[in-house]
Amino acid sequence: MKRVITLWTAILFCLIVQAQKQPLRLAFELSPQISWLMSDDDSVDSDGLLAGYNFGLSVDRFFAPNYAFTTGVFINTTGGKLKYADGADIVIGNTVYQDRYKLKYRLKYLNIPIGIKLLTNGMNRTRFYIQMGFSNQFLIKTNDGNGENIKDEVRFYNLGYEIGTGLEHSLGSNLFLRTGLHFGNSFTDITSNSTYDDRTVLRRLIFNAALIF
């Protein structure tokens with residue numbers, strides 16, 4: 001995995017250098033999403049979905065007419081629910097949750113993605129795209145759904161990947177409306193409780209919507 005990430009980083013760095021004199025596009029995104037958590041421990045199960053949203057500013061720097069380096073800054077509200085073994089005590093920081101085998105994770109991240117976007121030529125004022133890359137998420141805030149802070153349970157940094165596809169429709173001049181469907185999955189463990197030595201990943205289904213300038 002480290003070799004793959006290193007290779008992607010090197011490729012993207014080369015593309016950034018090559019793209020310095022190419023066209024730049026900005027887009028405001030406001031995308032609803034559903035998310036869930038998955039653990040590799042058989043005694044920890046996913047217990048449902050959480051609705052959230054992802055909003056912020058994205059930047060596309062083209063290095064060829066149909067290919068762009070893409071990044072941005074986003075606030076990502078996400079999370080999920082986990083169901084632990086019946087009767088187990090869950091230790092989070094200095095707090096022991098006795099006989100509480102269900103826990104909700106409401107998470108808010110600062111996300112700085114980095115990736116590549118491929119677009120088709122225009123057809124009837126519409127272009128299709130495919131996007132792939134990494135998400136770099138830094139924890140801003142978290143709670144258990146009842147307002148109780150569980151930051152000791154959630155790791156500060158989360159690395160993952162995101163892939164998606166959709167279309168961009170011209171509204172005239174340099175204004176475009178982008179809609180698409182993206183999927184995100186984390187590489188790294190988001191939890192850090194001392195009760196279970198498991199790896200819990202965050203998965204997201206994002207209904208991408210953006211206004212491109």
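Inside segment 107-131, residues that are open to solvent by 30 Å² or more (accessible area, probe 1.4 Å), among the β-branched types (Val, Ile, Thr) and touching a Leu at 6+ places or on another chain (Cβ under 8 Å) make up a count of 2.
Residue check: is Phe207 without any contact (Cβ under 8 Å) to a residue 24 or more places away in the chain, in contact with a Leu (Cβ under 7 Å, 6 or more places away or on another chain) and within 25 Å of Leu37 (Cα to Cα)? In short, no.
Scanning segment 144-158 for residues that are in contact (Cβ under 8 Å) with a residue 40 or more places away in the chain and either closer than 23 Å to Ser58 by Cα or of a type in the set (Phe, Trp, Tyr) (or both) gives a single hit, Asn158.
For segment 114-125, does any single residue satisfy the condition of being assigned to a strand (DSSP E or B), among the polar types (S, T, N, Q) and out of contact with any helix residue (DSSP H, G or I) (no Cβ under 8 Å at 6 or more places or on another chain)? Explain how you work it out, then say what you get.
Quick first cut of segment 114-125, residues assigned to a strand (DSSP E or B) only: 114-119, 123.
From the residues that got through so far, the ones that are among the polar types (S, T, N, Q) too are none.
No - not one qualifying residue is present in segment 114-125.
Of everything in segment 160-185, what is free of Cβ contacts under 8 Å to residues at least 40 places away in the same chain and closer than 17 Å to Gly115 by Cα? Give them in sequence order. Within segment 160-185, Tyr161, Ile163, Thr165, Leu181, Phe183, Asn185 qualify. Checked against the criteria, Gly52 does not count as surrounded by 15 or more Cβ atoms within 10 Å (Cβ to Cβ), of a type in the set (Gly, Ala, Ser), at pLDDT 80 or above and at positive phi.
Could you identify the single residue in Leu171, Leu159, Leu202 that is at negative phi, open to solvent by 30 Å² or more (accessible area, probe 1.4 Å) and modelled with pLDDT of 90 or more?
Working: Leu159 fails: open to solvent by 30 Å² or more (accessible area, probe 1.4 Å); Leu202 fails: open to solvent by 30 Å² or more (accessible area, probe 1.4 Å).
Criteria check complete, one pass: Leu171.
Taken together, Phe134, Phe176, Phe138, Phe213 contain a single residue that is within 16 Å of Thr70 (Cβ to Cβ) and exposed (fewer than 14 other Cβ atoms within 10 Å of the Cβ), which is Phe213.
Pick from Asp89, Asp40, Asp60, Asp47: which is exposed (fewer than 14 other Cβ atoms within 10 Å of the Cβ) and at pLDDT 70 or above?
After applying the criteria, what remains is Asp40.
Screening the candidates Gly133, Gly166, Gly180, Gly160 for the property of being in a strand (DSSP E or B) and in contact with a Lys or Arg (Cβ under 7 Å, 6 or more places away or on another chain) yields one hit, Gly166. Against the numbered list (1) under 18 Å from Ser46 (Cα atoms); (2) open to solvent by 40 Å² or more (accessible area, probe 1.4 Å), Ile190 comes up short only at (2).
The values are calculated or read from the model by the stated rules, or taken from the named source; none is laboratory data. Everything numeric here is computed off the predicted structure, so don't read it as measured data. Positions of Cβ are generated from backbone atoms using ideal geometry, with glycine treated the same way; all protein chains shown enter the neighbour counts. Just the protein is used for accessible areas: all its heavy atoms, side chains included, with ligands, DNA and RNA removed. Shrake-Rupley method; radii C 1.70, N 1.55, O 1.52, S 1.80 Å.
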